């Protein structure tokens, strides 16, 4: 691993992976406790429409994709907030539409054959420095917002009705949360790809949820766990010449399974003991 | 002193009347049980009092203010909070949620709040569990934590939605004794979906089925409220009470009041 770091692209890949782990650790905690994993999947796939738009109109990648994803995310947030029981269907529709829209636009883009696989499974090895800077800025802004609204976010996530009674602007906060989530997802798509975004958002928070005593603990532990997955995955991909995004998720998936089995064993031993 | 005053309240949902011409006055030392069939409008009434819904007609005043303005006067204990028992939150953090105040954004987690939260837990005999994760507590213990949260603002009105659902029969007796104690400082309003269990500590009963019929002590011997709450045969309260053990409490038929 050390020798690999002499390459510029490996250093960038590592930095991008670590940044993504922290961002996902924080946002993933909200995704898991608020049970909006499916909505996150919807945003991640609809984001492909934004990628298509960016290519077709030759916009810079990040602003174009973020703009489109924010729009799709707000539509999904509005539906999931007002008609909860229909939300999954509508999210499914937007999910498919966004993806199809993106592919058609890329078909129509003359003389440019973009590599779909790199968007599906990530292009961590080609993350430019400018994106690293942007990710850092987004990460810092997100952390400040989460710290400032921590009590409100906690109250909304735990007991929405009580939060509303106590004057927490639940509706606004929910839209803000989904908006932040959309931005996060677009960032992480570059690192592990949109298919696997959900995994990095959900696996580390899910594993640590049962051991954490507070959302902060869950966020910090998820970030560290995500970082460990990223480093291990990158090392494996370097060593065995594997796709980096897929390797990171495979490592996460294995640890996820181990943690499930460990829980089962623990539960059985508590019953016996 | 009047804590809660509901006057001529109407509420409809999708064009269908859920509550009609509801009047209710709750005073300082009152202990009221709200009972009625499912879909009869109990939960809607509760949400109106909490300010989560706005009446189509009529007024709800809590401590002379609108429910939103009076949010810190109301201690609310919901029925089911977050069924995800892995949610990373400790008992004391749940109680601290009670100090959320729309008018005071920061600092919200001062040492004073923490001391208040511990005191509230102590009152519920739950201080030993303060740092435990809420999911590992039993149903009854969790209930006490939520009451502690409701007590954080020293409410004048304590609202409980189906509070005994997760407590066994023995625990229910203790629980109602606890409520009686809390009744010293606050009016208590208990919503019960379980028509079988109405504690003897309850001082009056309100039956809600689109309309609200109020029974207080006086009504058992006489019909003082007759003129205030007239009932027609069609509007008879369909709620019956069945109880084992003593003392039984029999409420006058709504129709009997109509002479």
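For region B:162-171, a tally of residues being out of contact with any strand residue (DSSP E or B) (no Cβ under 8 Å at 6 or more places or on another chain) and within 14 Å of residue B:142 (Cα to Cα) returns 5. Restricting region A:163-173 to residues that are in a helix (DSSP H, G or I) and free of Cβ contacts under 8 Å to residues at least 60 places away in the same chain leaves a set whose member that is farthest from residue A:244 (Cα to Cα) is A:165. For region B:111-128, how many residues are within 14 Å of chain A (Cβ to nearest Cβ) and either at pLDDT below 90 or farther than 9 Å from residue B:92 by Cβ (or both)? The qualifying residues number 2. For region A:174-223, the tally of residues that are within 15 Å of the chain's Cα centre (by Cα), in a helix (DSSP H, G or I) and more than 14 Å from chain B (Cβ to nearest Cβ) stands at 26.
Residues in region B:131-141 that are touching a helix residue (DSSP H, G or I) at 6+ places or on another chain (Cβ under 7 Å) and within 19 Å of residue A:209 (Cα to Cα): B:131, B:132, B:134, B:137.
Listed here are the residues, each with its yes/no results for (1) modelled with pLDDT of 95 or more; (2) crowded, with 19+ Cβ neighbours inside 10 Å; (3) within 30 Å of residue B:132 (Cβ to Cβ); (4) in contact with a strand residue (DSSP E or B) (Cβ under 9 Å, 6 or more places away or on another chain).
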position: A:205; (1), (2), (3), (4): yes, yes, yes, no
position: A:211; (1), (2), (3), (4): no, no, yes, no
position: A:218; (1), (2), (3), (4): yes, yes, yes, no
position: A:230; (1), (2), (3), (4): no, yes, no, no
position: A:235; (1), (2), (3), (4): no, no, no, no
position: A:238; (1), (2), (3), (4): no, yes, no, no
position: A:244; (1), (2), (3), (4): no, yes, no, no
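Among the residues making up region B:2-24, those that are surrounded by 16 or more Cβ atoms within 10 Å (Cβ to Cβ) and closer than 18 Å to residue B:184 by Cα are B:3, B:4. Quickly run through region A:143-157 and pick out the residues that are in a helix (DSSP H, G or I) and either touching a residue at least 24 places away in the same chain (Cβ under 8 Å) or more than 7 Å from every other protein chain (Cβ to nearest Cβ) (or both). Scanning region A:143-157 gives A:143, A:144, A:145, A:146, A:147, A:148, A:150, A:152, A:153, A:154, A:156, A:157.
Look at (1) surrounded by fewer than 24 Cβ atoms within 10 Å (Cβ to Cβ); (2) in contact with a helix residue (DSSP H, G or I) (Cβ under 7 Å, 6 or more places away or on another chain); (3) more than 25 Å from residue A:129 (Cα to Cα); (4) in contact (Cβ under 8 Å) with a residue 24 or more places away in the chain and you find that residue A:66 fails only one, number (3). Take region B:37-71 and flag every residue that is in contact with a helix residue (DSSP H, G or I) (Cβ under 9 Å, 6 or more places away or on another chain), touching a residue at least 40 places away in the same chain (Cβ under 8 Å) and either within 10 Å of chain A (Cβ to nearest Cβ) or farther than 15 Å from residue B:23 by Cα (or both). B:50, B:53, B:63 - these are the residues of region B:37-71 that are in contact with a helix residue (DSSP H, G or I) (Cβ under 9 Å, 6 or more places away or on another chain), touching a residue at least 40 places away in the same chain (Cβ under 8 Å) and either within 10 Å of chain A (Cβ to nearest Cβ) or farther than 15 Å from residue B:23 by Cα (or both).
Given the criteria more than 14 Å from every other protein chain (Cβ to nearest Cβ) and at pLDDT 85 or above, does residue B:158 qualify?
In short, no.
The values are calculated or read from the model by the stated rules, or taken from the named source; none is laboratory data. Keep in mind it's a predicted model, so treat the numbers as computed, not measured. A quick note on method: Cβ atoms are made from the backbone with ideal geometry, for glycine too, and the neighbour counts reach across all protein chains shown.
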